Amino acid sequence: MRRGFFLTFEGLDGSGKTTQLRLLAEALEQQGLPILVTRQPGDTALGERIRALLLDAKTTGVAPMTEMALMFADRAQSIQQIISPALEAGKIVLCDRFTDSTEAYQGGGRELGSDAVLALHRVLCGNLQPDLTILLLPPLEISLARTRSRSSNAQTDAADRFERERRTFHEKVFAKYREIAAREATRVVAIKGDLPIEEIQERIVQVVAAHGIDRRASMS
Ligand code: TMP
């Protein structure tokens, strides 16, 4: 039986979601709450190999369906090996990306559509839904500029396979995220605008507190 709290972070590359996830994890940990931080794709032994394959700019000619299948292969493994056991143990699971990413990137960016993603999610992931999703949605220009400057500063690894995509790809991902936020208005909290890190962090802390996540985790 599920007893913990499943919290996912979503957004485009360069949206600031990984930074915000880390800040929230630190804050929850300081309160002595049991947390588990994970990411997709990756984190299991199999998942890290899938991640390396998918992100490597040298991986070429990947069919969109193959890409979607690999994202779900990673996720099914992660649910079985990491997420479900942690939730069953009463932990707060903070997951950097989940199925909304597949819907935005493969469903939107690669134009496979939402229906295929949601159907696969039901079959391969037992339709596991986050209790809460924080979607960071600064203006597209901001995310693109951050990703560009990150890649040009990198000593070794330049932009990955997704970051190298054309602007139109990212526009489609952005549009699909907005669509998801409108459809899933109770689960997804979208934080829009070009806001300072501290202000976003404050808002996230408020949203999380409003969901009683601290009480839920400590009750279990
Ligand atoms: P990350 O750098 O935020 O960890 O994400 C890795 C990349 O993988 C990012 O560009 C988004 C992409 N991605 C998908 O295209 N579909 C998915 O389902 C997931 C989880 C990630």
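A few points about this structure:
- So Leu87, is it surrounded by 21 or more Cβ atoms within 10 Å (Cβ to Cβ), modelled with pLDDT of 95 or more, more than 16 Å from the chain's Cα centre (by Cα) and more than 30 Å from Arg167 (Cβ to Cβ): yes
Table: residues versus (1) touching a residue at least 60 places away in the same chain (Cβ under 8 Å); (2) buried (at least 20 other Cβ atoms within 10 Å of the Cβ); (3) hydrophobic (A, V, I, L, M, F, W, C); (4) in contact with a His (Cβ under 8 Å, 6 or more places away or on another chain).
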site	(1), (2), (3), (4)
Ala45	no, no, yes, no
Arg51	no, yes, no, no
Gly61	no, no, no, no
Thr66	no, no, no, no
Met71	no, yes, yes, no
Val93	yes, yes, yes, no
Asp96	yes, yes, no, no
Tyr105	yes, yes, no, no
Leu112	no, no, yes, no
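- Where Thr8 falls short, out of the listed (1) over 14 Å from the mean Cα position of the chain (by Cα); (2) touching a residue at least 40 places away in the same chain (Cβ under 8 Å): (1)
- Checking each residue in the range 19-56 for being among the polar types (S, T, N, Q), in contact with an Asp or Glu (Cβ under 8 Å, 6 or more places away or on another chain) and within 16 Å of the ligand (Cβ to nearest atom) picks out Thr38, Gln40, Thr44.
- Helices (runs of 4 or more DSSP H) within the range 70-177 that include 3 or more residues more than 14 Å from the ligand (Cβ to nearest atom) and either β-branched (Val, Ile, Thr) or over 23 Å from Val37 (Cα atoms) (or both): 114-124, 140-153
- Screening Gly16 on (1) within 16 Å of the ligand (Cβ to nearest atom); (2) surrounded by fewer than 17 Cβ atoms within 10 Å (Cβ to Cβ); (3) touching a residue at least 24 places away in the same chain (Cβ under 8 Å) shows it passes everything except condition (2).
Conditions (1) modelled with pLDDT under 95; (2) touching a Phe, Trp or Tyr at 6+ places or on another chain (Cβ under 6 Å), marked per residue:
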residue	(1), (2)
Ser78	no, no
Val93	no, yes
Thr102	no, no
Gly113	no, no
Leu118	no, no
Gln129	no, no
Ser152	yes, no
Arg167	no, no
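- Subset of the range 54-80 that is hydrophobic (A, V, I, L, M, F, W, C) and in contact with a Pro (Cβ under 7 Å, 6 or more places away or on another chain) - its residue that is nearest to Phe98 (Cα to Cα): Met71
- Options Arg39, Arg2: the member that is among the charged types (D, E, K, R) and either modelled with pLDDT under 95 or on the phi > 0 side of the Ramachandran plot (or both): Arg2
The values are calculated or read from the model by the stated rules, or taken from the named source; none is laboratory data. Predicted, not measured: the structure shown is a model, and the values here were computed from it. Positions of Cβ are backbone-derived with ideal geometry, glycine not excepted, and every protein chain shown enters the neighbour counts.
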